[in-house]
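Have a look at the structure below, then the notes.
Just so you know, all these numbers are worked out from the coordinates, no wet-lab data involved. Because the structure is predicted, anything quoted here is derived from the model rather than measured. Cβ sites come from the backbone with ideal geometry, for glycine too, and all protein chains shown count toward neighbours.
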Amino acid sequence: MLKQKADFVARYFHNQELSLLKWAQQKELELSKVVVQIPARMNSSRLKNKNVMDLCGKPLLAYTAQIAKQLRGVDQVIINTDSAHYASIAEQYGVNAPFLRPAELAKDHSSITWATYYLVRHFVDADYPLKAIITLMPTSPFRNLNAIQHLVDQLLANGAAYTALRADAMLSPYADENGHPVLQGCAPRTGCIPAKTLGNFSGELLIKKNIEKCCIQYIDDPVELIDIDTKQDFEMAKYVLENDLYDFGL
């Protein structure tokens, strides 16, 4: 992985220092900034341009942006995209677009890990004192502001926070009410995610050695488990909105 990261940095960025901790120490930076990223690549395969599809009068990514912009303790909300068109739409909802990631990091097989690492190195090049990154996937549009704010607070207090589906729960938003029990808590940093993580919220400190605990919020609300990847998913989200079946807490 270190060799991959070295090659990655050499290919895209001026700053060749791999150690983020050493970078912060050399620059005498006090890492204090929290950034929310909304990853949204252009060429989705199953549902074309799903991230900006009109969902009850707004592009899909706007539902994530409206929550992100209301969070306390967040310094910047950005879109991590390869599309100037997507960036322009996001900016209409108060989201920054500081870069366009390379197209090769926005393919069907591209990992969100490398897209996030591109964001990290962009801010390292700019000597921006990045403390933590929060990822909110736009395909999970149903989030309650108070619940997400709690996760931000847990991230800043403990070092990492995630939404997840319990490992022994059914992996379907259509399970019965006993399929997704509400469980919340913090686990030690090592082996801290005994579950399937979800796109509703994922956050970590940039300097991993500073992570003391991983805080996990298990999702049991079938609406919050909607992850738009197909036309059926999209129609379900539309039904929820048209019938006012979800409280965003805004």
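Here are some notes:
- Peptides 204-215, 79-90 ordered by average Cβ neighbours within 10 Å, highest first: 79-90, 204-215
- Farthest toward positive dipole pole in the chain [+1 Lys/Arg, -1 Asp/Glu at C-beta], among Thr64, Leu205, Ile89: Leu205
- Highest to lowest packing among 219-229, 91-101, scored as the average C-beta count within 10 Å: 219-229, 91-101
- The modelled label-to-label distance between Asn49 and His150, using points 7 Å beyond Cα along the C-beta direction, is 3.8 nm.
- Our helix-only sum for the chain, with -39,500 (n - 2.57) per DSSP H run of n ≥ 4 divided by its residues, gives a mean residue ellipticity at 222 nm of -9000 deg cm²/dmol.
- Option label - mean projected area of the Cα convex hull in nm² computed here, alternatives (1) 15.6; (2) 18.5; (3) 13.2: (3)
- 10 Å-binned pair-distance histogram of segment 29-142 (Cα, whole percent): 14, 49, 31, 6, 0
- Cα-based helix-to-principal-axis angle, 145-158 vs the chain, degrees rounded to 10: 30
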